[in-house]
Amino acid sequence: MMFDWNAYRKQLGQRIGEIAKLSPETVAAYRGLNQAGNKTDLLGARTRELIALAVAVTRQCDGCIAVHSEAALKQGATREEIAEALGVAIAVNAGAALVYSSRVMDAVSDAVSE
């Protein structure tokens, strides 16, 4: 195991609890945002968790990975579905790097033309 995700998830929950005591409005607003997608339930909880995992990877958020990995499994996601969602994240990240590489080349062209 590379990382003790269960211990991290518990520790994260404790620290977020501390933040909630110090800044309850901030954490309440975050929870409101998090619950907003549940209102219509058009995608379903499992799909939302798979999307959350793909976003967590692209944002490199260990806390998100810890929380949404557990949640995806609880919503019935399989390892294969999780791997497919991660494949989308990998493809988008590579695509984003390619697109932003074109921006670098554009900036280089502008710098050369000065």
Original post:
Each residue of the range 103-112 in turn: what ³J(HN,Hα) in whole Hz from Karplus with 6.51, -1.76, 1.60 and θ = phi - 60°, glycine and Pro shown as x?
Top reply: 5, 4, 4, 5, 5, 5, 4, 5, 5, 5
**OP:** Send over the semi-axes of the range 37-113's equivalent ellipsoid, whole angstrom and largest first, taken as the square roots of 5 times the C-alpha gyration tensor eigenvalues.
**Re:** 34, 12, 11
**OP:** Given the peptides 65-77, 99-111, arrange them by the average over their residues of other C-beta atoms within 10 Å, most packed first.
**Re:** 65-77, 99-111
**OP:** Apply the Karplus parameterisation 6.51 cos²θ - 1.76 cosθ + 1.60, with θ equal to phi minus 60°, to every residue of the range 9-20 and state each ³J(HN,Hα) to the nearest whole Hz, in sequence, with x for glycine and proline.
**Re:** 4, 5, 4, 4, x, 5, 5, 5, x, 5, 4, 4
Original post:
Pairing the Cα long axis of helix 45-59 with the longest principal axis of the chain, what angle in degrees results, from 0 to 90 and rounded to the nearest 10?
Top reply: 50 degrees
**OP:** Could you work out how far apart the two model spin labels at residue 73 and residue 108 are, taking each label as a point 7 Å from the Cα in the direction of the beta carbon, and quote it in nm?
**Re:** 4.5 nm
Original post:
Where a Cα-Cα gap under 20 Å defines reach, which aspartates and glutamates qualify for residue 74, not counting those fewer than 8 residues away within the same chain?
Top reply: 4, 41, 49, 62, 84
Subject >> Gyration tensor (alpha-carbon) shape descriptor, the range 22-81, a/c threshold 1.5 >> reply: oblate
**OP:** Could you please report the charge total around residue 76, scoring K, R as +1 and D, E as -1 over all other residues with beta-carbon less than 15 angstrom from its beta-carbon?
**Re:** -2
**OP:** Would you compute, from DSSP H runs of 4+ residues alone, the mean residue ellipticity of the chain at 222 nm, taking -39500 (n - 2.57) per run and dividing by the full residue count, rounded to the nearest 500?
**Re:** -28000 deg cm²/dmol
**OP:** Measure nothing but the geometry: give the 0 to 90° angle between the long axis through the Cα atoms of 62-74 and the longest principal axis through the Cα atoms of the chain, rounded to 10°.
**Re:** 60 degrees
Subject >> Simple label model, 7 Å out from Cα along Cβ direction - residue 2 to residue 14, nm >> reply: 2.5 nm
Original post:
Which peptide among 41-53, 81-93, 4-16 comes first, and what is the full order, when sorted by highest mean count of other Cβ atoms within 10 Å?
Top reply: 41-53, 81-93, 4-16
**OP:** Evaluate the relative contact order of the range 1-111 (contact order divided by residue number), counting alpha-carbon pairs under 8 angstrom at least 6 apart; express in whole percent.
**Re:** 25 percent
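Read-outs: derived from the displayed coordinates by stated rules, not from any lab. Remember, predicted model here, so these are calculated numbers, not experimental data. All Cβ positions, glycine included, derive from the backbone under ideal geometry; neighbour counts span all protein chains shown.
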